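Have a look at the structure below before the remarks.
The values are calculated or read from the model by the stated rules, or taken from the named source; none is laboratory data. Nothing here was measured: the structure is a model prediction, and the numbers come from that model. Note: ideal-geometry Cβ built from the backbone for every residue, glycine included; neighbour counts use all protein chains shown. Heads up: the accessible areas ignore ligands, DNA and RNA and are worked out on the full protein's heavy atoms, side chains in. Shrake-Rupley method; radii C 1.70, N 1.55, O 1.52, S 1.80 Å.
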Amino acid sequence: MRKTVCLIGRPNTGKSTLFNRLIKEKKAIIDDMPGVTRDRIYGIVNYKDYSFHLIDTGGIDLSDETFNENIKLQAEIAIEESDVIVFVIEGRSELTSNDLLIAKMLQKSNKKVIVAVNKLDDQKHDMEVYNYYELGFDTYIPISAEHNRGINELLEEITKDFPVSILEEESNLKFCLIGRPNVGKSSLINALLNEERVIVSDVPGTTRDAIDTKFTYDEKEYIVIDTAGMRKKGKIFESVEKYSLIRSLKAIDRSDVCVLVINAEEGIIEHDKHIASYALDAGKALVIVVNKWDLVKNKDESIKKWTENIRDNFKFASYVNIVFLSALERKRLHTLMPEILKAYESACKEIKTSVLNDVIREAATLHPAPSYKGQRLKIYFVHQAGSKPPKFEFSVNNKKLVHFSYERYLENKIREAFDFTGTPIILKFTSRGEEK
């Protein structure tokens, strides 16, 4: 399971620049896809053999008496859920009272804290890190997020104590329910288990931790994971609601299939799309559930409208199936597990190399890649390099000639030839002679 790292610091220290720098090697599966606002506070960082969640908390100003308590709560939640904290301060400037207040807050966390002294664009300024030792931490690293200085050193320190990833021995299919608070995730689990195993309440935030439960379906055993809706009770702020996803991210990591639950009463909001994209970015199979269907009038007509609306909003996941049900009244519940199993089967599917190459050859013949500066992409060979999700490696003359629209075309052709309903697929292009 991936570790969690958060960036903490006062405004204007360059946290967002550092965030973007750290996640840049992560090619999101849905990049360039319409329908998702890319203003995330979450990302996945891949470095060597490690992969971890990264959280950007935004600027914290504890020295301001009018400072929004909600933003402070966001930071506290991020700190509590993180394994490592990167305290970003502005180099070549004096420490502020705000820096010192944040340092006190971090010392109370008893977490590993790395002080990243940012905006040191030239090596001759690196000695200035000694000016910040009064913060009271053990590790200080000079960096320039904008100029990519010290980033590898920072990543080395972040991952130094991370354990080598070990595959879980559990052979049972795991699926998790993800979604905003109060969409009916716990009620849906109770319906699947046919018992009141999880506390159900109309108050968002009842589920505090991810809960694993085994159950039997069609004489086979499965594990369902319920994820936290909110970390703390009280008034629900939209910005704090985003931070409830921290634990969902960890549940997503441990799952084979993710079930996105949407509230039929409220309709689709932007955050539903964000949550779906986190699952797909993690390479997980996905099923979309519209819950509380008992409250919808004119159900036949509404299914058509809802399907069109979901397809329009989730264009980046057009291959995902939709289930309409009522967890409370246990109606249409039987339609869910078959879709979960179908999505998992797709994620595990392996295609024979010879058949795959026939499909790609035909696709390239029907629609050759466009030429660029007198060169045209040539595909020599393709093979499946992995599953969960399916990964396909293309040996080509020059991978720089692969336009995103042609990559999309090839993906569509693979999906037309082989049923990959419910799962993302990854296409990787390697220039001939290039080391993998």
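To keep it simple, each residue is scored yes or no on (1) in contact with a strand residue (DSSP E or B) (Cβ under 8 Å, 6 or more places away or on another chain); (2) modelled with pLDDT of 75 or more; (3) charged (D, E, K, R).
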{"residue": "Ile189", "(1), (2), (3)": "yes, yes, no"}
{"residue": "Val203", "(1), (2), (3)": "no, no, no"}
{"residue": "Thr206", "(1), (2), (3)": "no, no, no"}
{"residue": "Tyr217", "(1), (2), (3)": "no, yes, no"}
{"residue": "Ile225", "(1), (2), (3)": "yes, yes, no"}
Being modelled with pLDDT under 95, open to solvent by less than 20 Å² (accessible area, probe 1.4 Å) and within 29 Å of the chain's Cα centre (by Cα) narrows Ala75, Ala116 down to just Ala75
Looking across segment 1-41 at residues that are part of a strand (DSSP E or B) and open to solvent by less than 30 Å² (accessible area, probe 1.4 Å), the single one that is modelled with the lowest pLDDT is Thr4
Of those in segment 255-285 that are touching a Pro at 6+ places or on another chain (Cβ under 8 Å) and within 19 Å of Pro338 (Cβ to Cβ), the residue surrounded by the most Cβ atoms within 10 Å (Cβ to Cβ) is Ala285
The correct count of residues that are surrounded by 13 or more Cβ atoms within 10 Å (Cβ to Cβ) and either among the β-branched types (Val, Ile, Thr) or in contact (Cβ under 8 Å) with a residue 60 or more places away in the chain (or both) in segment 147-163 is 6
Restricting segment 323-359 to residues that are in contact with a helix residue (DSSP H, G or I) (Cβ under 6 Å, 6 or more places away or on another chain) and not charged (D, E, K, R), the one farthest from Val224 (Cα to Cα) turns out to be Val359
When every residue in segment 120-142 that is in contact with an Asp or Glu (Cβ under 9 Å, 6 or more places away or on another chain) and assigned to a loop (DSSP other than H, G, I, E, B) is compared, the one surrounded by the fewest Cβ atoms within 10 Å (Cβ to Cβ) is Asp121
Note on Glu416: of the conditions (1) free of Cβ contacts under 8 Å to residues at least 24 places away in the same chain; (2) within 25 Å of the chain's Cα centre (by Cα), unmet is (2)
Taking the condition at pLDDT below 95, exposed (fewer than 14 other Cβ atoms within 10 Å of the Cβ) and outside any strand (DSSP E or B), does Asn110 pass? yes
Within segment 411-429, can one find any residue that is in a loop (DSSP other than H, G, I, E, B), at pLDDT 95 or above and on the phi > 0 side of the Ramachandran plot? yes
* Evaluate segment 404-415: report whether one residue or more is hydrophobic (A, V, I, L, M, F, W, C) and farther than 30 Å from Leu341 by Cβ. => yes
Filter segment 76-107 for residues that are outside any helix (DSSP H, G or I) and among the polar types (S, T, N, Q); the one that is nearest to Asp56 (Cα to Cα) is Ser82
**Prompt:** Could we say that Asp99 is out of contact with any Gly (no Cβ under 9 Å at 6 or more places or on another chain), of a type outside the set (A, V, I, L, M, F, W, C) and surrounded by 14 or more Cβ atoms within 10 Å (Cβ to Cβ) here?
**Reply:** no
Taking segment 229-287 and keeping residues of a type in the set (Asp, Glu), over 13 Å from the mean Cα position of the chain (by Cα) and modelled with pLDDT of 65 or more leaves Asp256, Glu265, Glu266, Glu270
